[in-house]
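Have a look at the structure below, then the notes.
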Amino acid sequence: MDFGLVITNAITLACIYGTLAIGLSITWSSLGLVNMAYGFIFALSGYGAWLASLYISSSAPVIFAAGILTGALGGIVVCLCAFIPIHDKPSFPIRGLTAALAISLAGNELLMWIFGPRAKSLPQLFGFWKVNIFGVVVTSDKAGTVVSALFLLTLVLLWMRSSRRGLEIRAMMMNPHAASIVGIGVRSTSIYVMIMTGGLAGLAAVVLAQTYWISPFSGITPMIKGLSIALVGGLGSVPGAVAGALLLGVNEALTAALLGGQYVLITQFLLIILILILRPRGIAGILDRAREA
Amino acid sequence: MNKPEHAVQRRIVLDVNGLSAGWGPVRVIHDLDLKVSSGERVGIVGLNGHGKSTLFQAIAGLTGWQRGSILLEGHQVGRTRSQGPGRYTHLVVRRGLALIPQGDEIFHGLTVEEHLDSGAFTRRAWSERSERKKKVLAIFQPLQKLMKVPVGRLSGGERRMVAIGRGLMADASLFLVDEPSLGLAPKIGKAVIEALLAVELGDSAMVIAEQNVGLLEGRVDRIIGMHAGKLKGEASVLLPHA
């Protein structure tokens, strides 16, 4: 077995799924919405990037920008349909989940209707080169994936740490009731959250399209993986999501190398069940320094 | 009155008329009237479960349902509504309300400093937040060396200081303080109230709800009793200069 390949695969997968997991985690803890439409946003931004590569330019920055912008746009649509009209109604979590799921199903069919079932592919954005780091061969697409995911995530997390909007979002993640008391508007903040998480989905879609295809239903599996990572990490915790992504990335790469790709989901969910039995609050329960209120 | 009479005309900061509010089928506040004018410190005392907190929450739009008129600085912030608790709260806060809720309602992962910043979300308060922080720290000195500590790790008394400090950061014309001594050791509770009463109000007003009359007696401009969702006692006191 080639351990170098396992490690690089694990890290690449962790970056992509971690990006999605952080997006889902932030949406859940700040808005209380399980964004089941995330897979649709993911597929939509893939198509956005593909259209841009076809009609505007096939240079990497244009394709990235198109993917991220389409993702942000998809986030706004989901926010306007599945959050703002119903967020203060009774039993919102289940209603929001249903609404987001409906958007996902309808949206995926819409993509199928417009673009057809044939998969599309994006041009190679990171070129064709390899580097050899301590005997481990790193291909350009993997290096590019890791660097771009880390870059955008760092940007997002820095923004959340230092800006006023970021403080708003973090306050809402920790205590939505208190957030309204200090004058944070849930609806205006929700738009920012959805733009940001939509953009993250767009980035993940563009980088994942380097290895996989863009198809109307291509977002479902990444969304399920992102959601399970967010669960393992403890919903609402960014460091937890990062740790969960690494863990599940290693698991996926190891299972694929040792047992075969068809067993990945089995070992993945066994691992998730095990972790949630041992730590009901997920990995975040270990990382969290502060007591619950 | 232990306050010097101001030469300036006092204006009415809060004018509540015929307010009823509650949760689901339960009606907690019954046709309540309340006027608070600027520069005034009002104590509302009453037993547990008689509607002090619900009154504050109704003013902030946080109750399950409510009807009746609430004028904050002349703007109508009371709406007849049957659901959506908290939906308009941020708009009421932007009109100049600072609610310091019972049980602190802190953000347990934010540091003390970020917490104080989060209290200054109105536009003017945000631009002046460093001066405001200095003022709050002068009142609650123990917080000075805790600025970088997550609030979730503080003690009960320190948390209360953070919660009150967050309220004082706001550019508010009306401060509603709900049970500032609740759950604290008597000595610490007393210190918190002392600090609260020492805050310079200027043009704004403060209403403190408290179960312990002794802590407020003789140190606020008037005390109103609250019983079974209605104000008793001095509720009809005339406003100075009004």
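Okay, residues lined up against (1) closer than 24 Å to A:Asn175 by Cβ; (2) modelled with pLDDT of 90 or more; (3) not small (Gly, Ala, Ser):
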{"site": "A:Ile22", "(1), (2), (3)": "yes, yes, yes"}
{"site": "A:Leu33", "(1), (2), (3)": "yes, no, yes"}
{"site": "A:Cys79", "(1), (2), (3)": "yes, yes, yes"}
{"site": "A:Asp88", "(1), (2), (3)": "yes, no, yes"}
{"site": "A:Arg118", "(1), (2), (3)": "no, no, yes"}
### Query
Of these, B:Gly49, B:Gly84, B:Gly61, B:Gly103, which one is touching a residue at least 40 places away in the same chain (Cβ under 8 Å) and either more than 22 Å from A:Arg187 (Cα to Cα) or small (Gly, Ala, Ser) (or both)?
B:Gly103
### Query
Has segment B:186-198 got any residue that is within 14 Å of another protein chain (Cβ to nearest Cβ), in contact with a Leu (Cβ under 9 Å, 6 or more places away or on another chain), crowded, with 18+ Cβ neighbours inside 10 Å and of a type outside the set (Asp, Glu)?
no
### Task
Output the residue which, of all residues in segment B:91-130 that are among the acidic types (Asp, Glu) and more than 7 Å from chain A (Cβ to nearest Cβ), is nearest to the chain's Cα centre (by Cα).
B:Asp104
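Has segment A:166-176 got at least one residue that is part of a helix (DSSP H, G or I) and touching a strand residue (DSSP E or B) at 6+ places or on another chain (Cβ under 9 Å)?
Kept after step one, since they are part of a helix (DSSP H, G or I), are these residues of segment A:166-176: A:166-174, A:176.
Now restrict to residues that are touching a strand residue (DSSP E or B) at 6+ places or on another chain (Cβ under 9 Å): none.
For segment A:166-176, residues part of a helix (DSSP H, G or I) and touching a strand residue (DSSP E or B) at 6+ places or on another chain (Cβ under 9 Å): absent.
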### Summary
Among the residues of segment B:51-90, the number that are buried (at least 18 other Cβ atoms within 10 Å of the Cβ), within 14 Å of chain A (Cβ to nearest Cβ) and in a loop (DSSP other than H, G, I, E, B) is 10
### Task
Look at B:Val213 and say whether it is modelled with pLDDT under 85, within 16 Å of B:Asn48 (Cα to Cα) and not acidic (Asp, Glu).
yes
### Task
Please go through segment B:131-173 and pick out each residue that is within 13 Å of chain A (Cβ to nearest Cβ) and either assigned to a loop (DSSP other than H, G, I, E, B) or more than 20 Å from A:Asn175 (Cβ to Cβ) (or both).
B:Lys148, B:Val149, B:Leu154, B:Ser155, B:Ala170, B:Asp171, B:Ala172
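The values are calculated or read from the model by the stated rules, or taken from the named source; none is laboratory data. Since the model is a prediction, treat every value here as computed from it, not as a measurement. Neighbour counts are summed over all protein chains in view; Cβ atoms, including those assigned to glycine, are modelled from backbone coordinates with ideal geometry.
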